[in-house]
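What follows is a short report on a single structure.
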């Protein structure tokens with residue numbers, strides 16, 4: 001079978017009981033993603049870095065595709081959780097890279113007045129795959145070697 005797009009368990013999480021994402025309904029665009037472990041997200045304080053929530057997952061897609069890490073619609077309302085980067089854009093060449101194996105995580109801020117606990121197996125976000133277009137005279141030749149912020153170095 002030719003791999004087109006999908007999910008796999010990332011290195012280091014093979015024995016952690018990670019569930020591959022699924023769509024909840026027949027017409028859902030997003031695949032529901034679970035937390036790989038328990039984590040506490042403290043109330044936001046200015047200057048604080050976001051909390052990275054591990055998924056134990058990596059995803060693959062075609063060269064002219066990417067996938068988006070998105071918050072659940074209930075995230076801000078029920079849990080006070082907002083993605084630090086609003087939408088995470090993951091390029092096809094992130095899959096299997098040498099420094100992270102393509103393990104993707106969600107970066108959250110908590111805007112409630114109390115700490116929020118995420119339990120292993122809680123659905124924390126969703127992934128949507130998309131095609132993208134190139135502009136005339138595009139000549140990108142760089143190669144990815146790492147994770148967050150590694151392009152352009």
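The values are calculated or read from the model by the stated rules, or taken from the named source; none is laboratory data. As the structure is a computational prediction, the values presented were derived from the model and not from experiment. Here the Cβ positions follow ideal geometry from the backbone for every residue, glycine too, while neighbour counts run over all protein chains shown.
Every residue in segment 41-59 that is more than 15 Å from the chain's Cα centre (by Cα) and at positive phi, please.
Here is the first cut: in segment 41-59, the residues more than 15 Å from the chain's Cα centre (by Cα) are 41-49.
Within segment 41-59, 47 is the sole residue that qualifies.
Return yes or no: is residue 48 in a loop (DSSP other than H, G, I, E, B), in contact with a helix residue (DSSP H, G or I) (Cβ under 8 Å, 6 or more places away or on another chain) and either at pLDDT 95 or above or farther than 16 Å from residue 128 by Cα (or both)? For residue 48, the condition - in a loop (DSSP other than H, G, I, E, B), in contact with a helix residue (DSSP H, G or I) (Cβ under 8 Å, 6 or more places away or on another chain) and either at pLDDT 95 or above or farther than 16 Å from residue 128 by Cα (or both) - is not met. Scanning segment 31-54 for residues that are under 11 Å from residue 125 (Cα atoms) and surrounded by 18 or more Cβ atoms within 10 Å (Cβ to Cβ) turns up 31, 33, 34, 35, 53.
The residues of segment 60-78 that are out of contact with any helix residue (DSSP H, G or I) (no Cβ under 9 Å at 6 or more places or on another chain), in a strand (DSSP E or B) and either surrounded by fewer than 19 Cβ atoms within 10 Å (Cβ to Cβ) or at positive phi (or both) amount to a single one, 68. Flag: residue 57 does not match the condition of being surrounded by 12 or more Cβ atoms within 10 Å (Cβ to Cβ) and assigned to a loop (DSSP other than H, G, I, E, B).
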